[in-house]
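The block underneath contains the structure these notes are about, expressed in structure tokens.
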Amino acid sequence: NGRTQTLFPNLPENYRARVAGSWLVFAGGRVSSAVRAAEREREASESDVRSERLDAILDVQTAYWRLVTARQVAEVLREGLRAYDAHLQDAENRERVGLAARNEVLAVRVERARAELALLRAENGAATAEVNLARLTGLGPQVRIEAIEPLRPLVPAAERDGLEELVAAGLAARP
């Protein structure tokens, strides 16, 4: 009928606030153990960094010597290919004068082709080693790396230490 009626005439305004705190009285060694664990974690992280640096140095050194070795192998195979060329020329000359059969010339050609294939593989291996070394050192792919440290043949222990000393040491170590 157009009348208004109040249902809840009293609306209280209540506010609450709560502050709580805690104070650790006894932790049973947890805090000191956590501090020691954090220190060990830091030491382990430092050891990891040192290890990674040494691994990077080893990777670069290994890549360098792979490059030197691959180039040396390619050079040896080039020399071998020149020797096959001379041998092939000799076989062809012997065939021409009737001192060798055709199969001897063909066998030499097959061996020369195998040597040429080995040379191509060695040159590709050297190129791959150079690209790997350039990648590890941060150089661009356009940079040509020249190895200045040559491979030296290993000196046998008998020549290096002296045969008499080795014999004396061997006899002294025998029961």
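Points worth noting:
- Total residues in the stretch 82-106, condition surrounded by 15 or more Cβ atoms within 10 Å (Cβ to Cβ), in a helix (DSSP H, G or I) and not charged (D, E, K, R): 4
- Residue in the stretch 21-41 that is surrounded by 13 or more Cβ atoms within 10 Å (Cβ to Cβ) and assigned to a helix (DSSP H, G or I) present: no
- If you go through the stretch 143-175 and keep only what is small (G, A, S) and either touching a Ser or Thr at 6+ places or on another chain (Cβ under 8 Å) or open to solvent by 80 Å² or more (accessible area, probe 1.4 Å) (or both), you end up with A172, A173.
- Within the stretch 122-142, the set of residues being loosely packed, with under 13 Cβ neighbours inside 10 Å and under 19 Å from E75 (Cβ atoms) comprises N124 only.
The values are calculated or read from the model by the stated rules, or taken from the named source; none is laboratory data. Because the structure is predicted, anything quoted here is derived from the model rather than measured. Note: ideal-geometry Cβ built from the backbone for every residue, glycine included; neighbour counts use all protein chains shown. Heavy atoms of the whole protein, side chains included, go into the accessibility calculation; ligands, DNA and RNA do not. Shrake-Rupley method; radii C 1.70, N 1.55, O 1.52, S 1.80 Å.
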